[in-house]
Amino acid sequence: MKSSGTTELNTFYPIKPECQADVPATRFKPRAGKTLSQRRWQASFSQDGHLDIAKVLRRIQRGGVHPSIKGEVWEFLLGCYDPNSTLEERNELKQRRRGQYDMWKAECQKMVPVIGSGKFITTPLIDDEGQPIDPSLVGVQTSDKKVVQWMQLLHQIGLDVHRTDRALDFYETEANQAKLFHVLAVYAWLDNDIGYVQGMNDICSPLIILVENEADCYWCFDRAMRRMRENFRSSASSMGVQSQLATLSQIMKTVDPKLHHHLEDLDGGEYLFAFRMLMVLFRREFSFADTLYLWELILRHNIDCFQLMWAMEYNPYIFTKYEDPDRAKTKGPSPATNNKHLKQYGKFERKNVKTGHTEENSALSVFLVASVLEIKNRRILNEAKGVDDVVKILGDITSNLDAKKALNEALKIQKKYLSKAKKA
């Protein structure tokens, strides 16, 4: 593994020259002996393909995942594959899933031929009455409510695709933009309830870049959305992350009542200023490479920063939970789970298992927002005279927040919160 840091990262996620000055500085750098390398990743598999997930999680926590293997590693962190499966079993599952995706995509292509063509659209296909604006772009004419609603979403997906990660060279080609468009379009067709909501493009984009096969990208995105889907649900009276914002309020009230009361005095007690951070997991606060690093830790412990989150929230039953929900209910461990088994959990999830804490809205991302508030505690108390000032102070994190420092602070806050909650 090279030690050239940012130079090496730029070979994996090159930034367009004209955008160099506008993107946040990258803090994450692969570190020899710390970062999960391709050699150590391959050594974590047994001869028939079983993965030593505990060993992998420890390495990710120490230094993230090397860019050359992120796609492969994330498929496990997201729950696409069972670490206890063999290579043969995974290959069979992969081929079956690819066939399923191809069928869904072909179904979508019959209705909208641009899907699967290597191109995408940014203008409406149908009018408010459901009639085609340009008949050549629509494969079928129908009054079916599901089809009409889906078609009405497609141009918004295309507009969002066009402005996604525009600083990256990767999206200079229409074929790569179309790949993102196709995955989001198929997902929107299959999700009859929420469909597509702006921000999903920010979650899907890293997967498109890291995972070469489009069908494999779709299944990674599907798994990511199973964690995050409710964030995007909204109605006239509520929004998807409202429950997480309520949890954030409770956490801050418990661990830092002075700051919480100050925010309440500023009419910020509902923590709406944290909406974007929770909605798209800090995608817009940090550089692309740093965001990947954080997500890994969130998956390991859920910016420098996307991969650490998932590793910290990793649950060894995640594959069973997605593939066989009824069986997963009977396989889950009790707080008395032995230490050897606990090592298969991410550090953050491990604490929840030990304490029996099962509150679904207490995800690591919520504690990360709390950690950002704690890091900015002094400035908020001294300088914020209104919610707009809080937004401005938090906006300053774009270029100078240390992801690992924020993560360590989040774990401290989690420990303090769980301790006080247990006493209460």
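The values are calculated or read from the model by the stated rules, or taken from the named source; none is laboratory data. In this text the structure is predicted, and so the values were computed from the model without any measurement. Glycine gets a Cβ as well: all are built from the backbone with ideal geometry, and neighbour counts include every protein chain shown. Areas reflect the complete protein model, heavy atoms only, side chains present, ligands, DNA and RNA absent. Shrake-Rupley method; radii C 1.70, N 1.55, O 1.52, S 1.80 Å.
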- Item | Estimated FRET transfer efficiency when R0 is 35 angstrom, pair ARG378-ASP193 (beta carbons, to 0.05) | 0.20
- In the neighborhood of LEU180, defined by Cβ-to-Cβ distances under 10 Å, what is the net charge if each Lys or Arg adds +1 and each Asp or Glu adds -1? -2
- Message: Can you compute the FRET efficiency between LYS422 and ALA246 using 1/(1 + (r/R0)^6), with r the Cβ-Cβ distance and R0 = 25 Å? Round to the nearest 0.05.
- Response: 0.80
- Query: Based on the mean of other beta carbon atoms within 10 Å per residue, what is the order of 67-74, 413-420, 84-91, most packed first?
  - Reply: 67-74, 413-420, 84-91
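Over the stretch 24-85, with every protein chain in place, what whole percent of the accessible area is carbon and sulfur at 1.4 Å, could you tell me? Don't skip to the answer; put the middle values down first.
Working: 1100 of 2500 Å².
Heavy-atom surface of the stretch 24-85 belonging to carbon and sulfur, 1.4 Å probe: 44 percent.
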- Item | Long-range HN-HN contacts of ILE15 with modeled amide H, under 5 Å | ASP169
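In the neighborhood of GLU88, defined by Cβ-to-Cβ distances under 14 Å, what is the net charge if each Lys or Arg adds +1 and each Asp or Glu adds -1?
Around GLU88, the surrounding residues sum to -1.
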- Task: With no solvent and one equal point scatterer per Cα, compute the Debye intensity ratio I(q)/I(0) for the stretch 24-85 at 0.25 Å⁻¹ and report its log10, rounded to two decimals.
- Result: -1.10
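Beyond a 19 Å Cα-Cα separation, which of these cross-linked pairs lie in this structure: LYS253/LYS412; LYS376/LYS422; LYS253/LYS422; LYS70/LYS415; LYS16/LYS404?
Details: LYS253/LYS412 15 Å; LYS376/LYS422 27 Å; LYS253/LYS422 15 Å; LYS70/LYS415 29 Å; LYS16/LYS404 27 Å.
Check vs 19 Å cut-off fails for LYS376/LYS422; LYS70/LYS415; LYS16/LYS404.
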- Message: Calculate the FRET efficiency for HIS50 and LEU272 from the Cβ-Cβ distance with a Förster distance of 60 Å, rounded to the nearest 0.05.
- Response: 0.85
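Share of the stretch 174-303's accessible area from carbon and sulfur, percent, 1.4 Å?
Details: 1800 of 4090 Å².
C and S fraction of accessible area: 44 percent.
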- Item | Spin-label model distance (nm) - ARG98 vs GLN141, 7 Å beyond Cα toward Cβ | 3.9 nm
- Query: HN-Hα J couplings of the stretch 278-289 from phi, Karplus 6.51/-1.76/1.60, θ = phi - 60°, integer Hz, Gly and Pro as x?
  - Reply: 6, 4, 10, 6, 6, 4, 9, 8, 9, 5, 4, 5
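All other residues with a Cβ under 13 Å from the Cβ of TRP150 taken together, and with Lys, Arg as +1 and Asp, Glu as -1, what is their net charge? Numbers along the way, then the final one.
On the way: positive: LYS110, LYS145, LYS146; negative: GLU107, ASP144, ASP191, ASP193.
Summing Lys and Arg as +1 and Asp and Glu as -1 gives -1.
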- Note on the structure: Filtered hits (aspartates and glutamates, Cα-Cα < 16 Å from LYS258, offset >= 8 within chain) -> ASP267, GLU270, GLU374, GLU383
- Quick one: accessible area per residue over the stretch 75-114, 1.4 Å probe, rounded to a whole number of Å²? 51 Å²
